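Data block below; observations after.
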Amino acid sequence: MREDIAMNMLDVAPMETWKQLEKEIGENFSINPGVYDTEHKRVTDGADWCNKLCPALRSSAKGIGAVCAVAGQNFAAALKKDLKPRADECDAGLVKVVVPVIKDGELVGAAGGCGCIAPEGEVDCFFLHKVMDVSEEEVGELAASVPVVTREDVDRLVAFVEKKIAEIVG
């Protein structure tokens, strides 16, 4: 590999490996699984939804730009800064969890998921109503499908993804 070209996720493992990791995350945790590059763009084309809100949000051009893209940019910047697993809420109030993929000391991407809510949290239905151009009532109905994720669930997810990444990166 040339020194001036950064390593990417497909240099670390083939696409099928990342798809399998997403599948395992989805099967073991109530979260929208995802594998991302260093700019937090999806590596795979998978879409395994844990709720009805997220696919509606992602199908809205304004929604994806105002919520998902912003969260992705923030998480990408944070991972580049400290190379540590991260769990936080997006502007819609949904929990997002990512674990960095590091190969030979270099950040090459992340894996984890989003689309849940903390026990004490709430989906910001008013904000989503504004960015998705749908009624607040419709957003509320979609938000009712969002699963709750506890701190313990997040810790288990992080440990699971860290273990899987260690196996993949080997």
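Couple of notes before you dig in:
- Mean separation of Cα contacts under 8 Å (6+ apart) over length of the chain, as relative contact order %: 26
- Between amide H atoms placed 1.01 Å from N, distances below 5 Å from C50 occur with N32, all of them 5 or more places distant or on a separate chain.
- Potential lengthening between E120 and K80 on full extension [0.36 nm per residue; Cα-Cα distance subtracted]: 11.5 nm
- The slack in the chain from A69 to D48, taken as 0.36 nm per residue of separation less the alpha-carbon distance, amounts to 5.8 nm.
- Virtual paramagnetic centre 7 Å along Cα→Cβ of R58, amide N under 12 Å, in segment 91-128: 113-115
- Placed amide H near V101: partners under 5 Å, 5+ positions off or other chain: V108, G109, A110, A111
- Residue (of W49, C125, L107) at the positive-pole extreme of segment 47-170, dipole from beta-carbon charges: L107
- Spin-label pair M7-R151: with each label point 7 Å from Cα along the Cα-Cβ axis, the two points sit 3.4 nm from one another.
- The helix-based estimate of mean residue ellipticity at 222 nm for the chain, built from -39,500 (n - 2.57) per DSSP H run of four or more residues and divided by its residue count, is -13000 deg cm²/dmol to the nearest 500.
- Amide H to amide H distances under 5 Å link V149 with I117, A118, where only residues 5 or more positions off or on other chains count and H is placed in the peptide plane.
- Plainly put, the chain has a radius of gyration that is 0.98 times its Kirkwood radius, both from alpha-carbon atoms, as the Rg/Rh ratio.
- Of the GluC sites (Glu not before Pro) found in segment 65-170, the ones in coil according to DSSP and having at most 15 other Cβ atoms within 10 Å of their Cβ are E120, E122.
- Helix 69-82 axis versus longest C-alpha principal axis of the chain: approximately 40°, rounded to the nearest ten.
We did not get these values from a lab; they are worked out from the coordinates using the rules stated. Remember, it's a predicted structure, so these values are computed and weren't measured experimentally. Positions of Cβ are backbone-derived with ideal geometry, glycine not excepted, and every protein chain shown enters the neighbour counts.
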